[in-house]
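J.: Here's a structure for you.
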Amino acid sequence: MYILGAALLLLALFAFSHASDRRRLQNGVYLTSGLLLLLLALAVYMWRSPDGFWQYASVLLLIIAIALLPVMILAISVGLVYNGRILLRKEGWKLRNTLPVVAGIAIVVVPVLTLVVPPVRWLQLPVLLLELYMMYFGFLFVCYLVSSFLYNRYRPTYRTDFIVVLGSGLIRDRVPPLLASRLDGGIKLYRQQKLRGQAPFFIVSGGQGSDETISEGAAMRLYLLQHQIPDDHIIVEERSVNTMQNMRFSRIIMDEIMGERSYRCVFVTNNFHLFRAGIYARIAGIRGDGIGTPTAPYYLPGAFIREYIAVLVMHRRIHMTIMLFILLSMLTLFELLPDVMYVLAN
């Protein structure tokens, strides 16, 4: 009964939090935790049922879950490593492109360490900490994916005044497929809004990188002109070098144009980047939500991992505090905390 109550409470918190702001990681935490507790409550109900059939069914489901767990872990690991190889072949040998391979290997190696490490406290403790940290950050990654999925499913239906397209880098002076996908999404929205009687302004936001011959904003303007977007409906922002600056400088432009009048905007980026961009938009005080555009499937696993790490860094103090709490708890459990405190004091 208590488990069911906790599940319903978490689901209610999700409904309230998601309705008030779709751009929060806690939405995924509430929903994922609530659904897991709901499944646990169902399993307990089946086990305690006076009907023997449900008891046998609960035991069978538990056996199946235990048997499938290592298979799922291995499948995820192999899939990530395979995807990482494709990503490295297509995108080149960059550190960020190795993330799927690193994650895939870690998912298998850390559990195996538990089986091979000798039963010595000073050796078992680091392995147990690694496992707990992996479980913690793995759970948060699932919550992040849930939050991102929910935000990607939302489509703004209001009449927008501005379409902000976020830059993603150029190939010298050329718009690459990733950025073209964002611009195409903005063009589609522009034409839909124009049919409704109000054509919004484009704000194409992005500065010039060290390996680029023109700014991203200028290159995006040329792309829009080639797709029959009127030049007087295109505003170029060329100072920003990251997503946070994209949002802040775009807001300054919108405020200057609209003055005291209220307005709404829609920002456009790739689907893997949408949730983090939404967080930055909220921080910048932008009234509006975003739409995500398609990305090549091979690119998504590594991109989502990078986005997840970036979101973790945004809240690093919270996660570092939780990691410290886990460490102190394990030192206490292993009866090593007094020794560690003595070493630190001396």
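The values are calculated or read from the model by the stated rules, or taken from the named source; none is laboratory data. Fair warning: this is a prediction, and the values are worked out from it, not measured in the lab. So basically every Cβ, Gly included, is an ideal-geometry build from the backbone, and we count neighbours across all protein chains shown. Accessible surface areas use protein heavy atoms only, side chains included; no ligands, DNA or RNA. Shrake-Rupley method; radii C 1.70, N 1.55, O 1.52, S 1.80 Å.
J.: Got a number for residues in region 23-40 being among the basic types (Lys, Arg) and open to solvent by less than 60 Å² (accessible area, probe 1.4 Å)?
T.: Qualifying residue count, region 23-40: 1.
J.: (1) over 21 Å from the mean Cα position of the chain (by Cα); (2) at pLDDT 90 or above: which one isn't true of Arg306, the others all being true?
T.: Among (1) over 21 Å from the mean Cα position of the chain (by Cα); (2) at pLDDT 90 or above, Arg306 violates only (1).
J.: Among residues belonging to region 1-50 that are assigned to a helix (DSSP H, G or I) and among the polar types (S, T, N, Q), point out the one that is modelled with the lowest pLDDT.
T.: Ser20
J.: So Asp255 clears everything in (1) modelled with pLDDT under 90; (2) under 12 Å from Asp161 (Cα atoms) except one condition, right? Which one?
T.: (1)
J.: Can you give me the number of residues within region 192-214 that are open to solvent by 10 Å² or more (accessible area, probe 1.4 Å) and either in contact with a strand residue (DSSP E or B) (Cβ under 7 Å, 6 or more places away or on another chain) or part of a loop (DSSP other than H, G, I, E, B) (or both)?
T.: Final tally of qualifying residues: 12.
J.: With respect to Gly185, determine if the residue is more than 24 Å from Ser329 (Cα to Cα), in a loop (DSSP other than H, G, I, E, B) and either basic (Lys, Arg) or within 22 Å of the chain's Cα centre (by Cα) (or both).
T.: no
J.: Oh, and also: In the list Arg221, Arg155, which residue meets the criterion of being open to solvent by 50 Å² or more (accessible area, probe 1.4 Å) and at pLDDT 85 or above?
T.: The conditions single out Arg221.
J.: Another question, then. So, of the residues in region 158-169 that are within 15 Å of Ala180 (Cα to Cα) and not in a strand (DSSP E or B), which turns out to be most open to solvent (accessible area, probe 1.4 Å)?
T.: Checking each candidate, the answer is Ser168.
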